[in-house]
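J.: If you scroll down you'll find the structure; I have some questions about it.
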Amino acid sequence: MSPRPPALRPPVGNAPSTSVSTTTPSLSRRPRRTGTFGRFLAAAAVVALTLAGCGDADVEPGEPQTSTTSAGAAASPEESPTAATPEVVPASGMELQTKDAVRVHAPETGGKWYAVGDGTRTVTAATNIDAGPVELTLAEFPTSSTDFEDIAVVDVETYGEFKDGAGIARGDDREVRGLSGWVLTGADDEYTYYRFGTIHAGVFVTVSLVLPKDLPDAEADALVESVLASVEWK
């Protein structure tokens, strides 16, 4: 008998092997199941309409962050050797993509992934693991604003309302595949949430994951980083 596909909850948004910053905030707080797919579409519409009213700005979004430390600088004799950061292996499972902006792979979890959405603006894939259901969502929204900070603020407010009760908050900005973006995390009684957002190809883009509360933090972080390592900007 064919395995029964997991129930798809509303989406949370939403390459070649590469080194990706491994600064994922610890997903130690735990989330619950909320909303419907139609509710997500309504929230997406609110985001698009809000961003359309932001207007153009002079700030250039997505400027890569640069380090002030020279790669060739010699370490002080008193400094202890620093352990090399383990290389993140990009996810290589089901490929998901949106129309204009982004392509990613779902992680190999040992189970079958089921996708919903044609990728025109949003696409969600879901699977079941021992700890519970996992969701990966990509989304892109047209926006007349190019102001990175304005769009980040709108996303925090809108996603926080959509995931009411999860305590969605903005963490440190990070870089993924050459684009700087904002990070949102939160948790409720059943799930933890991770969302990366940026501006690319004239649209506001998000890559979001919902993970079960029983998944150990180290495994949750590894899933997030493998997905972000597989990102390809179109």
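Read the figures in this text as sums done on the coordinates, not as results from a lab. Predicted model, so just to flag it, every value in this text is computed and none were measured. In this analysis, Cβ positions are derived from the backbone assuming ideal geometry, glycine residues included, and neighbour counts consider all displayed protein chains.
J.: In percent, how large is the relative contact order of segment 102-234, given Cα pairs closer than 8 Å and 6 or more residues apart?
T.: 28 percent
J.: Per residue of segment 150-162, what does 6.51 cos²θ - 1.76 cosθ + 1.60 with θ = phi - 60° give for ³J(HN,Hα)? Whole Hz please, x for Gly and Pro, Karplus curve as stated.
T.: Each residue of segment 150-162 in turn: 4, 5, 4, 4, 4, 5, 4, 5, 5, 5, x, 5, 5 Hz.
J.: Let me ask something else. Would you mind checking segment 165-208 for residues with the amide N under 20 Å from a putative spin-label position 7 Å along Cα→C-beta of Ala218?
T.: Those under the cut-off are 192.
J.: In 10 Å bins starting at zero, report the fraction of Cα pairs in segment 89-234 per bin as a rounded %.
T.: 12, 44, 37, 7, 0
J.: So what's Rg/Rh here for segment 105-158, counting alpha carbon atoms and using the Kirkwood radius for Rh?
T.: 1.11
J.: Below 13 Å, Cα to Cα, which aspartates and glutamates can Lys99 reach? Residues fewer than 8 away in the same chain don't count.
T.: Within reach: Asp118, Glu140, Glu232.
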